[in-house]
Amino acid sequence: MKGQRRIGLARALSKMGYCSRSQAAVLIRAGRVTWNGRSTRDPESAVHMHEDRIEVDGVPLDKAAVVYLVLNKPRGVVTTASDERGRATVYDLLEPDFPWVGPVGRLDKASEGLLLLTNDSEWAARITDPASHLDKKYHVQVDCVADEKLLAKITRGCAVEGDSAEHLRAKDVRRLRHGNKNSWLEITLDEGKNRQIRLLLEALEVQILRLVRVSIGPIELGDLKKGLARPLTAAEKRAIDRALQVTGSS
């Protein structure tokens, strides 16, 4: 594509679906990446992704086929490529020779449920962009019988102290069911703040027993078994792309 603007070499490897941007920087600094026959150790070296010949360990790269996955992340698994403490990661749930994909956002170790993975970095960035305002729904078990007063507090929100004080709230909440000592709530967020539900409920002195993400926009976890992944269907891909267009223009 003539006239395409140059981008950093590490970003080019990520956009081509070869690896993450941080992994690309490691390869480049190790001298394993060349472009147009030239060696560079600078991840920010400017290249034309579609015009320049980029090689890793002497093997030319072509833009990888796009991959979109839905994964049901189990509790106790971390959302990283590797873990210095030896904990299981979401990559342990994929086939060993599976093409590189990166998580779209995060679920913390104690959280479960729907996690998207892809090698389409631009698409992932659109989903995680706070301006997208895609609804994300969670089923949350709490250690109390939630009444209307608590539900109102969750949607009204409160200030949470931390590195930077901020006001956290849920877009919507409803009680799904309850027992004598606990309740299951469905909490909807349209923001992408880190550990938002956990911090909000902690501030309200409510303990979370389980937290399961069940949907992102129109994509639902459904009956996918824990620990398994499946390709995003064409219909799901079209549906979330339409939702991104709507939220992005609102």
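What follows is calculated from the coordinates using simple rules that are stated; it is not laboratory data. Nothing here was measured: the structure is a model prediction, and the numbers come from that model. No Cβ is skipped: glycine too gets one built from the backbone with ideal geometry, and neighbour counts run over all protein chains shown.
Hand me the trypsin sites (Lys or Arg not before Pro) from the range 79-183 located in a DSSP loop with no more than 12 other Cβ atoms within 10 Å, in residue order please.
Hits after loop and neighbour filter: 85, 181.
Using every alpha carbon pair in the chain, what percent of pairs falls into each 10 Å bin from 0 up to the bin containing the largest distance?
Percent of pairs per bin, in order: 7, 26, 30, 23, 10, 4, 1.
Any chance you could check the Cα centroid distance between the range 48-86 and the range 197-246 for me, in angstrom?
22
For the chain, with the dipole built from +1 on Lys and Arg beta-carbon atoms and -1 on Asp and Glu ones, taken about the Cα centre, which of 26, 82, 132 lies farthest toward the positive end?
The listed residue farthest towards the positive side: 132.
Mind giving me the nanometre distance, one decimal, between the label points for residue 242 and residue 82, set 7 Å out from Cα along Cα→Cβ?
4.3
Rounded to the nearest 20 Debye, what is the dipole magnitude of the chain about its Cα centre when Lys and Arg each give +1 and Asp and Glu each give -1 at the C-beta?
180
Per-residue counts of other Cβ atoms within 10 Å, averaged by peptide: what ranking do you get for 43-49, 195-201, 26-32, highest first?
195-201, 43-49, 26-32
Given all pairs of different Cα atoms, what value in angstroms does the Kirkwood hydrodynamic radius of the range 118-212 take?
Hydrodynamic radius (Kirkwood, Cα only) of the range 118-212 equals 14.1 Å.
For residue 55 and residue 75, what does the FRET efficiency come to when R0 = 45 Å and r is the distance between their Cβ atoms, rounded to the nearest 0.05?
After rounding, the FRET efficiency stands at 0.65.
Work out Dmax and Rg for the range 7-60 from the C-alpha atoms and quote the Rg first, both in angstrom.
9.3, 23
Over the chain, what is the relative contact order in whole percent, taking alpha-carbon pairs under 8 Å and six or more residues apart?
Once normalised by length, the contact order is 20 percent.
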